[in-house]
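Read-outs throughout are calculated quantities, based only on the coordinates presented, and are distinct from any laboratory measurement. Just so you know, these numbers come straight off a predicted model, no measurement behind them. Positions of Cβ are generated from backbone atoms using ideal geometry, with glycine treated the same way; all protein chains shown enter the neighbour counts.
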Amino acid sequence: MKTIKIVVVLLLLLSLPAGAQEIIDLYRGAIPNSKQSEVKEGERSGMFSGVTKPTLESFLPEKGRSTGAAVVICPGGGYAVVVYQGEGVRTAKEFAKNGIAAFVLKYRLPSDSTMIDKTIGPLQDAQQAMTIVRERAAEWGIDEHKVGIMGFSAGGHLASTEATHYDHAVIENSKRTNIRPDFQILVYPVVSMQDSLTHLGSRDNLLGKHPSKKEIDEYSNELCVTGQTPPAYIIQAGDDKVVDVDNSIAYYEQLRHHNVFVEMHLYPKGNHGFVFFMPVDEWMIPIITWVDKGQWKAK
């Protein structure tokens with residue numbers, strides 16, 4: 001009987017998706033900035049709604065293949081859902097296959113009914129994810145100086161917010177763990193909250209229907225770039241009809257003017273969400289090469 005149980009356990013382990021090692025609760029105790037509500041998490045077609053319990057799922061390279069680099073991935077979804085499988089897991093598996101550890105962040109979705117201050121909720125989770133990866137870097141074979149963040153669409157806003165607001169911790173960080181990403185990768189990102197650039201649905205969900213000018217400016221990440229902002233790789237399609245490509249261009253210009261190492265690729269066509277239609281190698285291999293070369297480390 002004991003032998004049969006061992007065989008069953010081994011078969012179950014072998015049936016797990018390749019690379020998916022662990023799903024980690026972001027917070028061990030009470031989740032900060034949260035309040036009791038009737039909101040329930042739902043999942044449909046690989047997308048999560050009503051997220052109130054954030055997690056981080058690890059995808060680690062096979063032994064002997066690790067480059068030491070790691071990426072925290074923030075899927076998009078307009079701050080209304082988290083496109084977990086299509087933008088998160090699919091991307092993480094490709095990174096892991098190429099020696100880069102990847103962690104898919106299922107972040108809380110901003111809501112007045114679940115949060116005391118919804119504007120900082122997703123950022124808290126991004127900062128907490130960075131602390132977890134850095135604090136467990138040795139365990140996972142990661143170089144703590146090669147930990148980046150990646151975001152798609154509204155997840156790109158979250159990633160660029162983490163990259164430009166790292167000097168203001170919105171989580172408990174008594175260990176003073178470094179929460180600055182070493183690099184940022186933005187895919188058809190929402191960057192700005194300004195009327196002329198923003199994706200209005202993302203702004204409404206994060207800041208509300210009537211945000212103040214101060215809030216708009218604070219979360220317009222192109223206005224928050226400094227000489228210490230992490231190096232960036234930006235990719236978008238010029239015919240994007242959901243998020244204006246000027247989000248990427250404005251961010252690129254600010255990074256360049258602040259002498260931040262930045263590389264940008266603009267496809268003439270592809271619209272929003274092109275990663276669902278383009279072969280994964282076509283858009284990811286240049287990113288993997290950029291991370292591997294580590295030219296961004298010189299800055």
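Within straight-line reach of K293, meaning a Cα separation under 24 Å, sit the following lysines at least 8 residues removed in sequence or on another chain: K63, K93, K97, K146.
Taking 0.36 nm per intervening residue step and subtracting the Cα-Cα distance, what contour gain separates S196 from K63 on full extension? Can you show the working numbers first?
Values: separation 133, 0.36 × 133 = 47.88 nm, distance 4.77 nm.
That pair, S196 and K63, stretches by 43.1 nm at full extension.
Spatially, the stretch 21-40 and the stretch 194-227 are offset by 26 Å when compared through their Cα centroids. Look at the alpha carbon pairs under 8 Å that are at least 6 residues apart: their mean separation over the length of the stretch 91-148 gives a relative contact order of 22 percent. Whole Å is fine, so just give me how far the alpha carbon centre of the stretch 254-299 lies from that of the stretch 78-92. Taking the Cα centre of the stretch 78-92 as reference, the centre of the stretch 254-299 is 18 Å away. Can you return the lysines within cross-link range of K241? Criterion is Cα-Cα under 24 Å, with same-chain partners fewer than 8 residues away left out. Reachable lysines: K209, K269. What residues of the stretch 231-246 lie in the reach of a label at L266, counting those whose backbone N is under 14 Å from a point 7 Å from the Cα along Cα→Cβ? Hits in the stretch 231-246 for L266 at 14 Å: 234-241, 244-246.
So for the chain, averaging the separation of alpha carbon pairs under 8 Å that are six or more residues apart and normalising by length, what relative contact order in percent results?
Details: 603 pairs, mean separation 43.9, N = 299.
Computed over the chain, the figure is 15 percent.
Over the chain, DSSP H runs of length four or greater, each weighted -39,500 (n - 2.57), average out per residue to a 222 nm ellipticity of -9000 deg cm²/dmol. What FRET efficiency, computed as 1/(1 + (r/R0)^6) with R0 = 45 Å and r the Cβ-Cβ distance, is obtained for A30 and D292, rounded to the nearest 0.05? Step by step, r from the Cβ atoms, then E = 0.70.
Between I116 and H145, full extension at 0.36 nm per residue minus the direct alpha carbon distance yields a gain of 7.1 nm. For H258 and D281, the difference between the fully extended length at 0.36 nm per residue and the C-alpha to C-alpha distance is 5.1 nm.
Local charge for E43 was computed over the other residues whose Cβ lies under 14 Å away, with Lys and Arg +1 and Asp and Glu -1, and equals +2.
Going by average Cβ density within 10 Å per residue, which order do the peptides 99-108, 70-79, 167-176, 254-263 take, highest to lowest?
On the way: 99-108: 25.5, 70-79: 28.3, 167-176: 12.4, 254-263: 16.8.
Descending packing order for the listed peptides: 70-79, 99-108, 254-263, 167-176.
Partner lysines whose Cα lies under 25 Å from the Cα of K213, excluding those fewer than 8 positions away in the same chain, are identified as K118.
Hey, how much of the P(r) for the stretch 246-299 falls beyond 16 Å, as a percent of Cα pairs?
Numbers: 793 of 1431 pairs.
Pairs farther apart than 16 Å: 55 percent.
In percent, what relative contact order does the stretch 57-177 have, based on Cα pairs under 8 Å that are 6 or more apart in sequence?
Details: 207 pairs, mean separation 40.7, N = 121.
Computed over the stretch 57-177, the figure is 34 percent.
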